[in-house]
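Heads up: the structure comes next, in structure tokens.
The values are calculated or read from the model by the stated rules, or taken from the named source; none is laboratory data. Owing to the predicted nature of the structure, the values given are computational and were not obtained by experimental measurement. Using ideal geometry, Cβ is built from the backbone for each residue, glycine included, and neighbour counts are taken over all protein chains shown. The protein model used for the area step is the full one, side chains on, heavy atoms only, and it has no ligands, DNA or RNA in it. Shrake-Rupley method; radii C 1.70, N 1.55, O 1.52, S 1.80 Å.
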Amino acid sequence: MRGIWVVFTKELRETLRDRRTLVVIIVVPVVLYPALLIATEQLALLGANRLREEAAPVGFQGSPPPELVEFLKGMEDLEVRQVSAPEAAIRAELVQAVAVFEPPEEGEEATQDVRVLFNAADARSQRSRNRLVDALEEWSDTLLVRRLRARGLPGSFVRPLALADSSVARPDEIGGYALGRILPMLLIFITLLGAFYPAIDLAAGEKERGTLETLLTAPLPADQIVAGKFMTVAVVGVVAAGLNLASMLLTFQTGLFRFGGVVGAEFALPFRAVVLIFATLIPLAVLFGAAFLGVAVRARSFKEAQNALTPLYMLVLLPALLPLSPGIDFTPTLALVPVAGVSLFFRDLLSGGSQISLGALALLSTVVYALLALLFASRAFGSEEVLFGDGGEGERGEGRRGLLGLFRGLRSGARSLPDARQSLAFVLAAAILFFYFGRTMQVSFGEAGILLSEWLLLLGAALAFVLAGGFHVRRTFSLRTPRGRELLAALLIIGGGTPMAWFLAWLQSFVLPIPWEFLEEVAQLLVTDDPLRILWLLLVIAVTPAICEEAVFRGILLAGTRRRLSPLALILTNGVIFGAFHLSFETAFRFLPTAWLGILLAAVVWRTGSIWTGCLMHFVNNGAIVLIGTSTALQERLGGIDQNPPLYLLPVAVVLLAVGFRMLRTRPSNTGDDIP
């Protein structure tokens, strides 16, 4: 512990000398935040007062009753004029809203239609529209009362119900509701920002300055050094968040923020909520500090670390924004999601509807994620290649020369296989092309567009990449001929994996809503009893993806990453990327079952060294969907899309998976090096 304390005090002292850190943890929360809050309040009040004092320029077109025109001109908050071209007048800002009166129906008391034109993209036009509509409704009510009196009827004759609503929320509850939507994001942002720069400086910054080697020569174990650095980053993050929380508390409690009186709200932070929020921020800061430190130490310079951490930075902000979304309830599932659980717990605390059990679950899961992040950082500091190497100049060095260097390396001839960066860059480019152009082809040409997009944008692009890079075609695509035992094992594995994917989709439906419209469209596509139509569907849905997608994911991607990742990481990464490739706006539910199938495909291809086993499994899985969709008998036996999967298939699937992988326990190759 003494070594950890020495490193901690040393790093904390150097961190506090950094201007950026001092600005983040002191100037922003203590000085800048209250100033910005009060300035924003004053500007909002000033704008509201100006809008309230200004008369709204409005116009009318058509033949309104003369009494109505006089009534409108008598309104103090309206400037009324007649216009001939309403839309042009609004766009030229001559008026901000126009009442267009249609020709009245025959009869003295007939209804006259009125259409109000305004610019919904302009705040002043919206305000003028509201004032004009209120004035017209007031005139309509007045005219109705006169008509009723002329017939000796009371005004209540046409109002059997007088509706009025009144909120039971107290001003402090309204203020808590508003704070619960904004404050969690600010607190998480400040905590993240507090850990961001210290993590970069204590890792990549020291490597760039050449002082990390000196520190590591001290008689201290690597785990104590990383613990001291990690404690420094975490403490800075906690202090930044604590000062920000205290600053907001003082701002609200001292009455400097007066905007609540205008909107009928009372902004205050209850002491209990402050204590729980601060207690939860501690493991959150630990999580950020350890994760940022583990990533930053793998960079060689401050700038490179910033580039590496920026995607992670943006990824953290997305779940922090969940409190802003209406209809998102704090559930046990969301409590387990990193950052999202903490953010929603803060929201419910401030809104007065918190559940301590869910908050404890979010806190516990954050602690677990923080420990995992700390393990991630410790491994980085325990690797001499990461600490003292050039980042692996072999494969990673090429990626550091930038995008041009990446493309120049395609024809270097130094390797027969693409490296990890080249294969990942290709998959990303293929996914982007497929997302933007493949979808267009499918919408424009239907089923033929599916063939065109798969063969051209996936297989065609894969072949072009391999040939342009001068890579070995057979080794890159793992074109080794599989043995009969391996093909049988692949069939058994996909025979068990497909029902397991159904069960995963069913379990996922308890969390993610099932897009029934999408599933019904797919089911409708498969309705046929024509043998030629079934063969065509097998070509489009089974054969084509089995060749084209396997060439990309179990070909180029697997070949490029197999030497950089451990077998488990290689297989999981391949499956996750495969699942992400199949995401779209309406099919997020496909990710988990598709990633599961991708993991099985990657595992079998890695064990056999042959992409043909993956093609066979891919074809069988997709072909089963076609056969079930076109067979009424199979649908009745297995259940439709709106029914639960048959439970009796689950033990069968487990047995098939176990037997299949047991048959692959011994494999001839996992690198494809035996391919000539």
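Worth pointing out:
- Protection proxy ranking of 293-300, 181-188, by the mean of other Cβ atoms within 10 Å over each peptide's residues and highest first, is 293-300, 181-188.
- Our estimate of slack between A120 and N307, defined as 0.36 nm per intervening residue step minus the Cα-Cα distance, is 63.4 nm.
- Using θ = phi - 60° and Karplus 6.51 cos²θ - 1.76 cosθ + 1.60, couplings along the range 144-161 (whole Hz; Gly, Pro as x): 5, 4, 5, 5, 5, 5, 4, 9, x, 9, x, x, 6, 4, 9, 10, x, 10
- Charge tally in the Cβ shell below 11 Å around C615, where Lys, Arg are +1 and Asp, Glu are -1, C615 excluded: -1
- Taking all protein chains as they are arranged and a probe of 1.4 Å, the heavy atoms of T481 leave approximately 110 Å² accessible to solvent.
- Among 62-72, 460-470, the order from most to least packed when residues are scored by Cβ within 10 Å on average: 460-470, 62-72
- With R₀ fixed at 35 Å, the C-beta to C-beta distance from R81 to L148 puts the FRET efficiency at about 0.60.
- Rounded to the nearest 0.05, the FRET efficiency derived from the C-beta distance between Q635 and T111 at R0 = 45 Å is 0.25.
- Counting charges near G62 (Lys, Arg +1; Asp, Glu -1) among other residues having Cβ under 11 Å from its Cβ returns a value of -1.
- Dividing the radius of gyration of the alpha carbons in the range 127-201 by their Kirkwood radius gives 1.44 for Rg/Rh.
- Solvent exposure of the range 104-158 amounts to 71 Å² per residue of accessible area, where only protein heavy atoms count and the probe is 1.4 Å.
- Inter-probe distance in nm under a simple model that places probes 7 Å from Cα toward Cβ, at V522 and L507: 1.9
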